[in-house]
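What follows is a single structure, written as structure tokens, with notes after it.
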Amino acid sequence: MTIEYCIGFCGDQNYIYAGVEFASESNCDSTIQFPSVPAPLDNCNWGCSGNNSETCGASGKINIFYSGATPPVIVPSVSATGGEWDYDGCFTDSTSARTLAVPVNIPGGVTPESCTAACQALGSYSYAGLEIGRECWCDNAVNPPTQRVSDADCRMVCDSNHEEYCGNVNRLAIYQLGSSGGGGDEPQECNESTTSSFTLTARNRNDGTITPLKVIVVELVKSLTWTLLSVSGLSGT
């Protein structure tokens, strides 16, 4: 292992970062993954196994080299025949409780564009999700017990296109078909002048009915509270 070998290998694979670690390891990516943080340079003090005059990180420390190329992005929206697919956020996922239940095989490679198109063509699904760089999932609901997490958790490049992100391990980058194609409404903003007096309501996406919501604050243990939204007057829910 040498710095030059690692950089050459990662560059040939179209990654923009190359990292040398543990004297003999090379790692590639197009993102410095969370929760990594900078460490003092003298923490990387192991000589490279292929050239001891060079430094190749240390145990748990990595020397990173950047090609200068434009980093990948989370695609904010995808235009399609049936409407606009908007990025909805990064969500947790697990094999025991799928956030989106329908897997889709895309031989040409998974990207936000190909996954949303596949979900729309497969069954007019309203949600499409990308995971671990190469998986596509579809559904008409985002299923519990998923939780929304930071977008930084969904920064694994798509295997077929290193200019775009496709979720991460156990993380789904979810896109929702917009209102023109059957999805949700645009969010409305609250500002300081309106938050002092307003009525919190729920709007049924199917028939447009409005139902008042009651906010209940519950303290489960000392200094830890949950806010519950209570809906009354709806049968069968």
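Read the figures in this text as sums done on the coordinates, not as results from a lab. Here the structure is a predicted model, which is why all the values come from computation and not from measurement. So basically every Cβ, Gly included, is an ideal-geometry build from the backbone, and we count neighbours across all protein chains shown.
To keep it simple, each residue is scored yes or no on (1) under 22 Å from the mean Cα position of the chain (by Cα); (2) polar (S, T, N, Q); (3) in a loop (DSSP other than H, G, I, E, B).
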{"position": "26", "(1), (2), (3)": "no, yes, no"}
{"position": "31", "(1), (2), (3)": "yes, yes, yes"}
{"position": "36", "(1), (2), (3)": "yes, yes, yes"}
{"position": "45", "(1), (2), (3)": "no, yes, yes"}
{"position": "53", "(1), (2), (3)": "no, yes, no"}
{"position": "62", "(1), (2), (3)": "no, no, no"}
{"position": "79", "(1), (2), (3)": "yes, yes, no"}
{"position": "89", "(1), (2), (3)": "yes, no, no"}
**Prompt:** Among (1) in contact with a helix residue (DSSP H, G or I) (Cβ under 7 Å, 6 or more places away or on another chain); (2) free of Cβ contacts under 8 Å to residues at least 24 places away in the same chain; (3) hydrophobic (A, V, I, L, M, F, W, C), which single condition is residue 80 missing?
**Reply:** (2)
**Prompt:** If only one of 68, 57 is surrounded by 15 or more Cβ atoms within 10 Å (Cβ to Cβ), out of contact with any Ser or Thr (no Cβ under 6 Å at 6 or more places or on another chain) and either closer than 24 Å to residue 150 by Cβ or not basic (Lys, Arg) (or both), which one is it?
**Reply:** 57
**Prompt:** Restricting the first residue to region 48-75 and requiring it to be in contact (Cβ under 8 Å) with a residue 60 or more places away in the chain, which pairs with a second residue that is polar (S, T, N, Q) meet a Cβ separation below 9 Å and a spacing of at least six or different chains?
**Reply:** 63/55; 72/30; 72/31; 72/161; 75/111
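Can you tell me which residue in region 103-162 is surrounded by the most Cβ atoms within 10 Å (Cβ to Cβ), limited to those that are of a type in the set (S, T, N, Q) and assigned to a helix (DSSP H, G or I)?
Here the answer is 116.
Does region 38-54 hold any residues that are of a type in the set (Asp, Glu) and surrounded by 12 or more Cβ atoms within 10 Å (Cβ to Cβ), and which are they?
The one that is of a type in the set (Asp, Glu) and surrounded by 12 or more Cβ atoms within 10 Å (Cβ to Cβ): 54.
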